[in-house]
1. Could you identify the single residue in R359, R454 that is of a type in the set (K, R) and part of a helix (DSSP H, G or I)?
2. Can you pull out the residues in the stretch 268-282 that are in a helix (DSSP H, G or I) and either of a type in the set (S, T, N, Q) or surrounded by 16 or more Cβ atoms within 10 Å (Cβ to Cβ) (or both)?
3. Taking the criterion of being at pLDDT below 90, surrounded by 13 or more Cβ atoms within 10 Å (Cβ to Cβ) and among the charged types (D, E, K, R), would at least one residue in the stretch 400-413 satisfy it?
4. Within the stretch 422-437, track down each residue that is open to solvent by less than 20 Å² (accessible area, probe 1.4 Å) and either closer than 21 Å to Q123 by Cβ or not assigned by the TED database to the domain that holds L287 (or both).
5. List every residue pair whose Cβ atoms sit under 7 Å apart, with the two residues 6 or more apart in sequence or on different chains, where the first one lies in the stretch 339-354 and is touching a residue at least 24 places away in the same chain (Cβ under 8 Å) and the second, anywhere, is open to solvent by 10 Å² or more (accessible area, probe 1.4 Å) and assigned to a loop (DSSP other than H, G, I, E, B).
6. Among all residue pairs at least 6 apart or on different chains, which show Cβ distances below 8 Å where the first residue, located in the stretch 360-381, is assigned by the TED database to the domain that holds L442 and over 21 Å from F449 (Cα atoms) and the second is within 9 Å of the ligand (Cβ to nearest atom) and open to solvent by less than 40 Å² (accessible area, probe 1.4 Å)?
7. If you take the residues in the stretch 16-31 that are in a loop (DSSP other than H, G, I, E, B) and of a type outside the set (D, E, K, R), which one is surrounded by the fewest Cβ atoms within 10 Å (Cβ to Cβ)?
8. Which members of the stretch 409-425 meet the condition of being small (G, A, S) and away from the ligand (no atom under 15 Å from the Cβ)?
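The values are calculated or read from the model by the stated rules, or taken from the named source; none is laboratory data. This one's a predicted model, so the numbers in the text were calculated from it and none came from an experiment. Please note: Cβ atoms are built from the backbone with ideal geometry, for glycine as well, and neighbour counts cover all protein chains shown. Ligands, DNA and RNA are excluded from the accessible area calculation, which covers all protein heavy atoms including side chains. Shrake-Rupley method; radii C 1.70, N 1.55, O 1.52, S 1.80 Å.
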Amino acid sequence: MEFSSGRARLKLARQSGARREQYPHSLQFYREPPTENISLAEFESFAVDRLRLLKVVENLGVSYVRTSEFYKTKLEAELRKLKFPYKALAEEDYEARRKDHISHFILRLAYCQSEELRRWFLQQEMDLLRYRFNELTDVLRQKFLEHVNLSFEAISEDVKNELADELCASTPGFTMTKVREQTYYKVGLVDAVDLFRARRVFIKDGFAYVPLKDIDAIVLSNYRASLSKALAMTARSLPSIQSDERLRPLLNHLSHSYVGPDYSVQKNTGKISLEQIDALSAKSFPLCMRQLHKALRDNHHLRHGGRMQYGLFLKGIGLTLEQALEFWKKEFIRGKVDADKFDKGYAYSIRHSYGKEGRRTDYTPYSCMKIITSNPPSQGDYHGCPFRHCDPELLKQKLQSYKTPSSGISQILELVKGMHFQLACQKYFELTHEVDDIGFSLNHPNQYFTESQRLLSGGRELKKELGNSGSSQQKSHSQESMTSSSAPTASNTAADAELEGLEAYFTED
Ligand code: SF4
């Protein structure tokens with residue numbers, strides 16, 4: 001026993017020695033991909049945790065000033081909770097550094113697949129690095145700069161004293177005392193082009209004299225350039241990675257992933273009557289579903305993309321199979337579809353989506369990520385996310401017709417312009433529910449509905465009705481015991497194929 005615990009200790013010591021060597025700094029530029037073998041479970045959990053973190057980064061980044069105490073406190077709490085390196089002086093966090101390294105590369109694979117995903121990933125990773133770099137002490141910052149070969153030359157005290165007046169005049173907010181305290185670096189103009197453009201740096205003989213506090217701009221522009229290049233290169237090698245059948249569904253799920261409940265099991269199933277749907281659509285549906293409901297009522301028909309998105313949402317808010325059949329049939333037979341055609345075609349696909357036909361997969365409603373990033377609507381379609389897919393002028397009209405206050409509309413349009421579609425939707429929620437702060441991070445249309453109902457009913461009804469969770473878009477019966485921390489799982493491979501099957505049933509217009 002003692003022998004084996006001694007060996008275990010030795011193994012651990014060797015392992016931590018190797019980690020120390022591999023991760024000499026708590027901050028990384030992620031230049032070298034990980035080479036070790038990891039289990040599929042670790043792969044998934046690392047990736048989901050980083051995605052959670054990046055979503056928090058996004059949320060905080062548009063809601064608070066990045067240098068504010070609130071922003072820093074919240075982000076540190078999240079890093080600490082998810083076990084990523086979270087403070088400058090944490091010296092024994094090698095496991096956290098490993099997780100940081102590996103998870104970054106996994107998401108790089110998942111988020112290199114389209115221009116939109118790449119842009120989102122790059123932005124959040126930049127914000128994360130900025131925060132973490134600024135949290136470093138001067139000594140650690142210097143160590144990091146050397147570590148990533150950005151070892152700019154610190155000027156001597158004599159040179160600094162000689163240039164003190166110029167340095168003070170050209171560094172906004174600096175007094176002479178500050179200049180004396182701060183280390184200045186002599187940096188080639190190419191590296192300091194942003195500071196030069198913003199007239200925030202002293203230039204002499206082709207060199208910029210940058211105070212330590214501004215060196216983050218240079219670090220970030222280096223990081224952006226190398227990460228953009230790396231993402232483009234990863235995208236090129238994607239076909240060979242995607243040929244791995246275990247990885248492909250995982251990566252696809254991650255890029256569409258919703259890290260929260262999957263709204264598959266409802267305690268409120270059957271508690272909503274069909275007569276309530278019109279009123280609920282005005283009060284508690286997110287814009288995407290409100291638009292689909294209106295189109296269905298107006299045209300007595302929805303094309304397959306709309307039926308998939310809206311049908312699964314309705315299932316998620318609690319419509320039973322019988323109700324769904326009645327709801328769709330009543331509406332469709334008011335249009336061009338007769339009852340017989342409905343029973344033979346559409347009814348089968350509805351039963352299928354409830355897991356009563358085919359391979360009996362119990363499909364879950366689409367997350368915002370999936371709606372935003374896949375299957376964009378074309379002419380005659382009403383599915384998708386209006387914040388992502390609507391022309392801004394049309395979106396404005398839509399919001400005006402729903403009596404959204406005009407000051408709020410411009411805020412929403414600003415967020416849309418910055419490609420923060422879910423945050424625009426959060427703003428819409430705040431405006432339509434007259435709350436100052438939504439108090440949650442919106443990721444799912446069904447989450448919108450649940451939170452709206454909770455708010456409107458004073459927290460009495462529908463609260464926490466969503467007992468089961470996970471992050472996949474669909475879940476087979478065999479997966480129903482998954483816990484709330486479940487990540488997308490390898491079993492989604494089969495489920496992915498199933499979804500394609502279901503989509504085929506819905507392809508008839
Ligand atoms: Fe729907 Fe999500 Fe878009 Fe809101 S952000 S409209 S919930 S897809």
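1. Exactly one of R359, R454 is of a type in the set (K, R) and part of a helix (DSSP H, G or I), namely R454.
2. Q276, I277, L280, S281
3. For the stretch 400-413, residues at pLDDT below 90, surrounded by 13 or more Cβ atoms within 10 Å (Cβ to Cβ) and among the charged types (D, E, K, R): absent.
4. We begin by selecting, within the stretch 422-437, every residue open to solvent by less than 20 Å² (accessible area, probe 1.4 Å); these are 423-426, 428-429.
Correct list: L423, A424, C425, Q426.
5. G345/E508; Y348/E357; S349/F506; R351/E357; H352/G358
6. N375/G384; P376/G384; P377/G384
7. Per the criteria, the residue is P24.
8. Result: S410, single match.
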